[in-house]
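Chemist: Structure in structure tokens, see below.
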Amino acid sequence: MMRSLLLGLMFLATPVAHAASPAVPMEVRAEDGERIPVWVLEPEGERPNPPVAVLLHGLTRSKDDWLTDAEPTFGGALTEQLRSAGYRVYLMDARRHGARATPDARPGALAKRAHAGDPGPYQAMIVDTVRDAQALITKVLANGKKPPRVLVAGYSMGAQVGLLLASREPRVTHLVTMVPPHVDPVLGDAAPVNRMGQVHQTWLLLSANNDPFSTGEDTQKLFDAAPSKRKTRRAFDSGHALPREYLDEVRRWLSEAPRLP
């Protein structure tokens, strides 16, 4: 039961080393006043109103993942791909992760507690992260100029958060989710399966045939439940860590996806 809640533990203690990047810090305040550390990377070239992308990391990871070209996400390559395509990219830490880490409530421990029958703290971490992402989008769009795209992309837990965010946030126009875990419906607002009826965005779902955290049947049900008229699913013959080739699929999809939702 709730096998997916341990999904990020396989990536614990993976070293993150990244080269110097053009990331600039930005501070956003959450609904409850908590500081949300964010990095911003400008697009290549001069663009007065560029499309924007918000990238969401996996369980036990951090926004650093999107600055390093290393497993499991090869995130630095995706970030640079988006910048080259003209996106302004925003990277944020989920609650209890990265610069927001809390030694007394580590994400892996919260997942284990949820698996053992105490889901409250894990649910709060996920739901608060969704709200934080909404606060970031609100600040990004505060100048009143609607960008041509508002893309949200997430890996693993980040895909879980991305689906929940899209279900609540019509300002998101495009959505990319890599290996979202199956989360038991008993987890309420932390379970995407309970909110798929509100996902209308142009959507790319990347899954894995041998993912221990979501069966093919689980993933197909998630996909089928979304009323989006512009959704695409691609499956890789891999485990939860997708091969680097997934980036080619994202690049191709972004180039072909409609400009507006």
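Chemist: With no solvent and one equal point scatterer per Cα, compute the Debye intensity ratio I(q)/I(0) for region 170-261 at 0.12 Å⁻¹ and report its log10, rounded to two decimals.
Modeler: For the requested q values the scattering log ratios are -0.37.
Chemist: Sticking with this structure for a sec: When the Debye formula is applied to the Cα atoms of region 124-199, each taken as the same point scatterer, what base-10 log of I(q)/I(0) results at q = 0.13, 0.14, 0.24 Å⁻¹?
Modeler: Values returned for q = 0.13, 0.14, 0.24 Å⁻¹ are -0.36, -0.42, -1.12.
Chemist: Using the reciprocal of the averaged 1/r over all distinct C-alpha pairs, how large is the Kirkwood radius of region 184-227 in Å?
Modeler: 11.2 Å
Chemist: Relative to the compact globular guide of 2.2 N^0.38 Å, what is the alpha carbon radius of gyration of the chain, as a ratio?
Modeler: The chain yields a ratio of 0.92.
Chemist: Taking only the C-alpha atoms, wrap a convex hull around region 55-157 and report its volume per residue in Å³ as a whole number.
Modeler: Hull volume normalised by residue count: 100 Å³.
Chemist: Can you tell me how region 211-261 classifies by the Cα gyration tensor, rounded, prolate or oblate, using a/c under 1.5 as the rounded cut?
Modeler: oblate
Chemist: Then there's this: Summing -39500 (n - 2.57) over the DSSP H runs of n ≥ 4 in the chain and dividing by its residue number, what mean residue ellipticity at 222 nm do you reach, to the nearest 500 deg cm²/dmol? Intermediate values should be presented prior to the final figure.
Modeler: Working: 6 runs with 73 residues, N = 261.
-8500 deg cm²/dmol, from helical runs alone.
Chemist: A follow-up question, please. Given the options Val199, Val28, Val186, state which has the largest fluctuation in a GNM of the chain using a 10 Å cut-off (strictly under) for Cα springs.
Modeler: Val186
Chemist: Quick one: what does P(r) look like for region 24-95 with 10 Å bins over all Cα pairs, in whole %?
Modeler: P(r) for region 24-95, in whole percents per bin: 20, 48, 27, 4.
Chemist: Same structure, new question: Which whole-Hz ³J(HN,Hα) couplings does region 93-103 yield from phi under the Karplus relation 6.51 cos²θ - 1.76 cosθ + 1.60, θ = phi - 60°, glycine and proline marked x?
Modeler: 8, 5, 4, 6, 10, x, 5, 10, 4, 10, x
Chemist: Same structure again: Scaled to the compact-protein estimate 2.2 N^0.38 Å, what is the alpha-carbon radius of gyration of region 107-261, rounded to two decimal places?
Modeler: 1.02
Chemist: I've got another one for you. If one computes the Cα centroid of region 102-147 and of region 52-83, what distance in Å separates the two points?
Modeler: Using only Cα atoms to place each centre, the spacing works out to 17 Å.
Chemist: Right, something else. Say a paramagnetic label sat at a point 7 Å from the Cα of Leu141, along Cα to Cβ; which residues of region 201-231 have their backbone N under 14 Å from it?
Modeler: Within reach of a label on Leu141, which here means backbone N under 14 Å from a point 7 Å along Cα→Cβ, region 201-231 contributes 201-202.
Chemist: Under the Kirkwood approximation for Rh and a Cα-based Rg, what ratio Rg/Rh is obtained for region 159-219?
Modeler: On the way: Rg = 11.2 Å, Rh = 11.8 Å.
My calculation of the ratio gives 0.95.
FYI, it's all coordinate maths here, none of it is from the lab. Predicted, not measured: the structure shown is a model, and the values here were computed from it. Positions of Cβ are generated from backbone atoms using ideal geometry, with glycine treated the same way; all protein chains shown enter the neighbour counts.
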